[in-house]
Amino acid sequence: MIAISRPEPRHEPNTPTTPRARPEPFRRHPSRRLPAVPGVPGPHQVWMRTRRQHSRTVFILRDRLTGVPMRCPAQLLYPDGRSGRIRLFGFHDTTLAVPLDNRWRTSAPTAPPDLPPDVPPEARTGNEQIGGHVGRHAAGHWWPAIITTTVPLHQATRIPMDLATALEQAGVGLEVFAMPAQRRHAVAWVRSAEPGDLRQARVAAVVGAALRYGDAAGLFTRSVSTAPSPAPLHRALALEPADTAEPGDESSDSDGIADESADESVDVSGSGPEEAR
Amino acid sequence: MAITGETTVNANSRSEIATRSWKQAAREHGVTDVDALLIALNLYGLSTPLGARVRLQLSVPVGAAARTVSVAAGRVTSPFTLSDDGVLAVNGEPVGCAVRTDVDDAVSGYLRNWDNQRGGWRAATINPASRSRCTGCLPCPTALEPPADPYVNTQEQLHALLDGLLRQLPYGGSLRDLDEVAVSTRCYGTEDAAVDAMLMLRKVLRARRMNARIMLLSSVVRSREAFRYLAENVGPFGLFLTADCVSRRSLLLKDTKADLSPEAMPDLLADARAAGLDTSFTYIVGLDAPADMEWFFRAMLPQVTLFPSIQVMQSHSPVNDHLAHPDAAELAYFLDARRLVEDIMGGLASPLLPEPWRCYRSLWSETYAGQPLPGARR
């Protein structure tokens, strides 16, 4: 099993003395989807699993199909078809918060230390291919590069046009949901309904939830009189059958918009350009 | 409208009120503190700045045998916190200890039902159809997970998956020790596709001389012909009908599930049982009014041969919060449901007991109908 233990805490503070170059936003590689070749020997499709045990966090590379931990360094197939080897490093304490989600995986505040000299050249090449960074800052992008290389965590989540329109009219954004996974979940739920009354009801539910949550969390600096009140939305959607709940009339112009044509709008993946701004 | 920044809900006062009320509700319902606490943990989740869902090996109270619990994380309004060294606390008061925390990623398979006496696993759950890509049912957390588990659709891939499970067994363990292989996966879409997949799985198991019962969690296998075919060609076989809820089904669930009416479900299970299959169902407590729950349980419980997976609704996102039944904000709602099931089941000719390892978010953890609950916890 690959169990990478964290290193001893450093004695010096982890804040750089000179400002680092701002990382470029992660950009989707056109061919980054992993090919479906499970069981095929050679380069493995892997994914990272994290586990916290006995006050230590370990990072484990597992075969994507079998779940079997892989030897390290692992031979990998990169999304662009190249193959390479990667090696995992321990992380500083601040990286090891219990919260487990895409975001901290990709924007860990403490990057691994500089690449040791024995990192194979092909691994550096893979890193540069994915992250687009070279030179001394490559180490700082090592961790995101590993993850984006091995696990398709960061596929952009696009908001369907009808949902985006309804959110905009209500004066709220889907980023009110703190976690990318929550945004993806909401979008997937809306997207799985065909255009029509049911879809409108789901759109209205997401808008209502965003307003209600943002209001309860104190995220809004002022109230918006034109936005539908969360309370009636909640009552309607929580207690009435779906086919009679149409509180989202403001989004009625979305009726009939297909997902494909609606996939124009906003990337809410949390690691894409939107978050990098 | 501007957003002031990251979520900064000050939930202290709310959570303290919730804590007091749930302890009082537990006393009023004669439920142990451990059971009430675990229901509350499932209901409220963990208060962490980020996170979707975590799987814990949790001891409650500290020092008790560890159990598997999968709960929502990133719930800033929850009174439950988990420290870096694994201490579970409610409003700062330690109540348990997590000896291990995993990201609850969708994986292709995992082992369950740890047999302490024999020192081995007795069941496995596999997700051969890329479970995390399933979307459409609001209460299900899998859509929050990174879609990285592959679609397994050949015998060779199933063998590879089982080989992976084999390597996770303790030394000397065998897959032939498994009594059950559960298939919990993305909806197969059609009855034929599901039956074909089960037939292929049985062929693979036979090739490995495994006679484990196959349990399919599904709502697309519905016909008597399919039940007979499964009994004759795939058995031993059981159906966990994914009922999930009674009301607002079209709004909350994907269409391949929502188009099965709750009224048709008791007869469906009766047909499956008549064909010789084991039967049970899944139900999420937190979406329906108590009256809907009651008629549904009265109709369904007489048709099961395995205790149903009756789960606490875990709210993973504000949208889930928004669509939960209003009464489900209080623990008493869940304790009432628990008592209701115990009462109905107790009146049946062959009452069943929950098997704690089957459900990581059950209404029952340590006790059932006032009695200690036997069986594996993970």
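No value in this document is a laboratory result; all are computed from the given coordinates. Computed from a predicted structure; not experimentally measured. Here Cβ is always computed from backbone atoms with ideal geometry, including for glycine, and neighbour counts include all displayed protein chains.
Considering only B:Thr190, B:Thr48, B:Thr279, the Gaussian network model of chain B with Cα springs below 10 Å gives its largest mean-square fluctuation to B:Thr190. Normalised by 2.2 N^0.38 Å, where N is the number of residues, the alpha-carbon radius of gyration of region B:158-271 equals 1.18.
Compared with the dominant Cα axis of chain B, that is its longest principal axis, helix B:265-274 is turned about 40°.
For chain B, pairs of C-alpha atoms spaced more than 26 angstrom apart make up 52 percent of the total. For B:Ser70, nonlocal amide neighbours, meaning residues 5 or more places apart or on other chains whose placed amide H falls under 5 Å from its own, are B:Leu56. Between the Cα long axis of helix B:33-44 and the first principal axis of chain B there is an angle of about 90°, rounded to the nearest 10. Proximity of backbone amide H atoms, modeled 1.01 Å from N, is registered between B:Thr242 and B:Ser218, B:Ser219, B:Thr282 at under 5 Å, excluding neighbours fewer than 5 places apart on the same chain. Helix B:155-167 and the longest principal axis of the Cα set of chain B meet at an angle near 50°. Here the spin labels are modelled as points 7 Å beyond Cα on the Cα-Cβ line, and at B:Thr32 and B:Glu225 they lie 5.0 nm apart. So in chain B, what percent of DSSP beta bridges are antiparallel if you round to the nearest 5? So the antiparallel bridges in chain B amount to around 55 percent. Near B:Asp104, the amide H atoms lying under 5 Å from its own belong to B:Arg53, B:Val54, B:Arg55; only residues 5 or more places off or on other chains count, and H is placed 1.01 Å from N. Computed extension length for B:Val62-B:Asp259: 66.4 nm, one decimal, from 0.36 nm per residue of separation with the Cα-Cα distance subtracted. Modelled this way, with points 7 Å down the Cα-to-C-beta line, the labels at B:Asp292 and B:Thr81 are 3.7 nm from one another. Taking every residue in B:249-257 and counting other chain Cβ atoms within 10 Å of its Cβ, the average works out to 4.
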